[in-house]
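Written out below as structure tokens is the structure these notes cover.
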Amino acid sequence: MRRKIAAGNWKMNGLKASLAEVEALKPVCTGECDVILCPPATLVAAMAEVAKGANITVGGQDCHWNESGAHTGDIAAEMLADAGAGAVILGHSERRADHCETDMMVHNKALAAWRAGLQAIICVGETEAERDAGTTLDIIGGQLAGSTPDGATAENTVIAYEPVWAIGTGRTPTLEEIAEVHDFLRGRLVERFGLDGEGFRLLYGGSVKPGNAAEIFAVSNVDGGLVGGASLKASDFSGIIQAANG
Ligand code: 13P
């Protein structure tokens, strides 16, 4: 039985005052699922402080593959860990698009995350044009293989499937389409990692809301969600955590 995950990605949103939302989430963080919240880097340390003692892991949204050095504006995995993070999102489609991140870069960032003791949440997902062209599974298979290093285990890695066209649009794939991709990802992980492949958590992301979370989380091989907009307010994210609590 895989433990479900409710993960929130705040993206470039949140000031110190937003930490009140974390406090407000605590009553539903009862330990039935894993809750991960990824604020902008400026809030990691302060959020880790607020989350102390609660069943909430704080995560980063990206890291560099090096431990230190001349990389202006970048953040090392060790720095995230030092600030209190336990996880980091890697290869989000917004970083792949805005910062030209390649599978190899994501692969190297995952190695850095593990080096620092962070769980890597590796994102994959097709664009609308790729889905229309019927190449969804090819694209996702390639991203999974290229972005996930050989040392991946069910403990150090989570895979998030986020169709680019479903992010922030209010549109989601059908439950059958979600199942198709998640079953495919499971198959690829088992092919590569054997029995351990059964243990990896696979998150769905893209317009997850309190109103659709329960039906999405009930889909075959969906082990929770990676949530953007609806993770910003405790009033919304609580409903999603409760759906993951079961
Ligand atoms: P939305 O939930 O806002 O669609 O964003 C999904 C996402 O990109 C999470 O990483």
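The values are calculated or read from the model by the stated rules, or taken from the named source; none is laboratory data. Keep in mind that what you see is a predicted model, and the values were worked out from it rather than measured. Using ideal geometry, Cβ is built from the backbone for each residue, glycine included, and neighbour counts are taken over all protein chains shown. Just the protein is used for accessible areas: all its heavy atoms, side chains included, with ligands, DNA and RNA removed. Shrake-Rupley method; radii C 1.70, N 1.55, O 1.52, S 1.80 Å.
Side notes on the structure shown:
- Residue match in the range 9-17 (condition: of a type outside the set (Lys, Arg), part of a strand (DSSP E or B) and within 16 Å of the ligand (Cβ to nearest atom)): yes
- Residues that are open to solvent by 10 Å² or more (accessible area, probe 1.4 Å), without any contact (Cβ under 8 Å) to a residue 60 or more places away in the chain and within 30 Å of Gly187 (Cα to Cα) were ranked within the range 211-238; the one that is farthest from the ligand (Cβ to nearest atom) is Ser220.
- The listed residue being open to solvent by 20 Å² or more (accessible area, probe 1.4 Å), touching a residue at least 24 places away in the same chain (Cβ under 8 Å) and under 16 Å from Val158 (Cβ atoms), out of Arg95, Arg3: Arg3
- Residue within the range 159-166 that is away from the ligand (no atom under 15 Å from the Cβ), under 19 Å from Gly91 (Cβ atoms), open to solvent by less than 10 Å² (accessible area, probe 1.4 Å) and not hydroxyl-bearing (Ser, Thr, Tyr) present: no
- Of the residues screened, Ala48 is not one that is of a type in the set (Gly, Ala, Ser), open to solvent by 60 Å² or more (accessible area, probe 1.4 Å), over 15 Å from the mean Cα position of the chain (by Cα) and closer than 23 Å to Thr157 by Cα.
- Residues that are within 16 Å of the ligand (Cβ to nearest atom), at pLDDT 95 or above and hydroxyl-bearing (Ser, Thr, Tyr) do occur in the range 194-209.
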